[in-house]
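Take a look at the structure set out below.
Rule-based calculations on the coordinates, nothing more; no lab input. It should be emphasised that the depicted structure is a prediction, and the values quoted were computed from it without experimental measurement. Cβ placement follows ideal geometry from the backbone for every residue including glycine, while neighbour counts extend to all protein chains displayed.
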Amino acid sequence: MLMENMTWVEVKEAAERGLPVVLAVGSTEQHGPHLPLATDCLLPVGIAMEAARRFPLVVAPPVRFGVKSRPLSGGGESFPGTLSISAATLTVTVTDVLCALARSGFRNLCVYNWHYENAGHLWEACDIAMSRGAQARILLVENPMPEFTKEQLDELFPQGFPGWDVEHASIMETSLMYALHPELVRRDRIVDDQAQRHPTWDVVPAPPEFIPASGVLWRPSQATPELGRKFLTAVSDRLVQALTTEFGAPSQEADISGSSKAANP
Ligand SMILES: [Zn+2]
């Protein structure tokens, strides 16, 4: 159910069936020497497709540009290939896409964020879309990770959980890429790295010791396909849980008669 491969007729039918639509919001950002720039889009789209096996839904074309990469969570803006937009541009873009999805007939929209730095700007986009009169409800998943128990974290990170902020191009993202797009992982280029200094505050402009030379913020050498499948199950389960909780159990026969609009070619 990738919307970009659907026709307008199929989109109209999906909306009339009451299917929710998931809008992944990612980035085009360096992910070390071993993962592609599109990692923050490939992962949430792949997870939404996995969720679609259990909860019928449509996956909208992802928002491929995210707000500026920050050195302590994404390596920063100095890496070739990192293409970022301002928070204001992201807010306007996501607002416009949400309004267009509602105009297409979708009543249940889910904004699914994967780029750490986007979080905090997406609520406003949802709020503005609603104040513009979008005929929809919006589920906002800013942080895609479930609340893992200590036992689960011990299983997923046997050598210690470093915190999600440094999980950039590291164990979780590399494992998920093994599970979803193994052909895109440059296994011979994997390096472990970290910032020389990682305080709990930020400094602008960033001191050089905040920026690891490779762009990797932790230990991708610990990533495995098996961990990738565990992460994929956990994050897609969590997406299904959020969709089910807010939009109700999926129904193939969902009827939203009277609320869909005819589209014109
Ligand atoms: Zn990433």
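Which percent, to the nearest 5, of DSSP beta bridges fully inside the chain are antiparallel? If you can, show how the numbers build up before the last one.
Values: 2 of 17 bridges.
Taking every DSSP beta bridge within the chain, about 10 percent pair in antiparallel fashion.
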Would you mind checking the tilt of helix 87-103 against the longest principal axis of the Cα atoms of the chain, expressed as 0 to 90 degrees and rounded to 10? 30 degrees
At q = 0.11 Å⁻¹, what is the log10 ratio I(q)/I(0) for region 10-94, with the Debye formula run over Cα points and no solvent? -0.37
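Determine the relative contact order of the chain: mean sequence separation of Cα pairs under 8 Å and six or more apart, normalised by residue count, in whole percent.
On the way: 518 pairs, mean separation 68.8, N = 265.
This gives 26 percent for the chain.
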Over region 21-165, how many percent of alpha carbon pairs lie in each 5 Å bin up to the one with the longest distance? 2, 10, 18, 20, 19, 15, 10, 5, 1, 0
Between 208, 8, 163, whose Cα lies farthest towards the positive end of the dipole of the chain when Lys and Arg beta carbons carry +1 and Asp and Glu beta carbons carry -1, centred on the Cα centre? 8
Placing +1 on the Cβ of each Lys and Arg and -1 on the Cβ of each Asp and Glu in the chain, which of 218, 239, 178 has its Cα farthest towards the positive end of the resulting dipole? 239
Compute the long axis of helix 171-180 from its Cα atoms, compare it with the longest principal axis of the Cα atoms of the chain, and write down the angle in degrees, 0 to 90, nearest 10. 50 degrees
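Rounded to the nearest 20 Debye, what is the dipole magnitude of region 3-247 about its Cα centre when Lys and Arg each give +1 and Asp and Glu each give -1 at the C-beta?
Values: 20 positive and 29 negative charges, 99 e Å.
Its charge dipole is roughly 480 debye.
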Taking the radius of gyration and the Kirkwood hydrodynamic radius from Cα positions alone, what is the Rg/Rh ratio for the chain, to two decimal places? 0.99
Can you give the Rg to Rh ratio for region 177-225, taking only C-alpha atoms and Rh from Kirkwood? 1.09
Computed [θ] at 222 nm, deg cm²/dmol, the chain (DSSP H ≥ 4; -39,500 (n - 2.57); rounded to nearest 500): -11000 deg cm²/dmol
Show me, for region 130-139, the HN-Hα J-couplings you get by feeding each phi into the Karplus relation (A = 6.51, B = -1.76, C = 1.60, θ = phi - 60°), rounded to Hz, glycine and proline as x. 5, 5, 7, x, 4, 8, 6, 10, 10, 9
Defining a contact as two alpha carbons under 8 Å apart and six or more residues distant in sequence, what relative contact order in percent does region 5-122 show? 37 percent
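Taking a temperature of 37 °C and a viscosity of 0.692 mPa s, what whole-number D in µm²/s does Stokes-Einstein yield for region 60-101 with Rh from Kirkwood over alpha carbon pairs?
On the way: Rh = 11.3 Å.
Estimated diffusion coefficient is 290 µm²/s.
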Return the single residue from 194, 152, 222 with maximal mean-square fluctuation; model: Gaussian network over the chain, springs between Cα atoms under 10 Å. 152
